[in-house]
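To keep things clear, I will list the structure first and then write my remarks on it.
The values are calculated or read from the model by the stated rules, or taken from the named source; none is laboratory data. Just so it is clear, the model here is predicted, and its values are computed rather than measured. In this analysis, Cβ positions are derived from the backbone assuming ideal geometry, glycine residues included, and neighbour counts consider all displayed protein chains. Keep in mind that these areas ignore ligands, DNA and RNA; they rest on the heavy atoms of the full protein, side chains included. Shrake-Rupley method; radii C 1.70, N 1.55, O 1.52, S 1.80 Å.
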Amino acid sequence: MIAIVNYKGGVGKMTTAVNLAATCAARALRTLLVDLNPHVPATESFGVYERVVSERRALVELLYGGAPVEEVA
């Protein structure tokens, strides 16, 4: 498990997380990138935001809607 955390904005957290997730996935490693930013930059960078919203698989469904982790992931 890898966590990329820094309270300060603009230090490259999202870029690092997205690139690391893409690299791990390209190497066939099981990868789950969780985007907790309310502006969803990581989700947008993979071009899946519209799909996430339409399928109701957003983090809000997991945290507040009681959806099972398996369905949201």
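Summary of values
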| item | result |
| --- | --- |
| Apportionment of accessible area to carbon and sulfur, the chain, percent (1.4 Å) | 58 percent |
| Top positive-direction residue, dipole computed over the chain with Cβ charges, set 5, 53, 63 | 5 |
| Which label in (1) 3, 12, 15, 12, 8, 7, 7, 6, 7, 7, 6, 6, 2, 0; (2) 3, 17, 24, 22, 14, 8, 6, 4, 2, 1; (3) 3, 15, 24, 24, 21, 12, 2 gives the computed P(r) over Cα pairs in 5 Å bins from 0, in percent | (3) |
| Accessible area expressed per residue, the chain, with surrounding protein chains retained (probe 1.4 Å, Å²) | 83 Å² |
| Degrees separating the helix 13-26 axis from the principal Cα axis of the chain, which is the longest one | 80 degrees |
| Size of electric dipole in the chain: Cβ of Lys, Arg +1 and of Asp, Glu -1, about Cα centre, debye, nearest 20 | 300 debye |
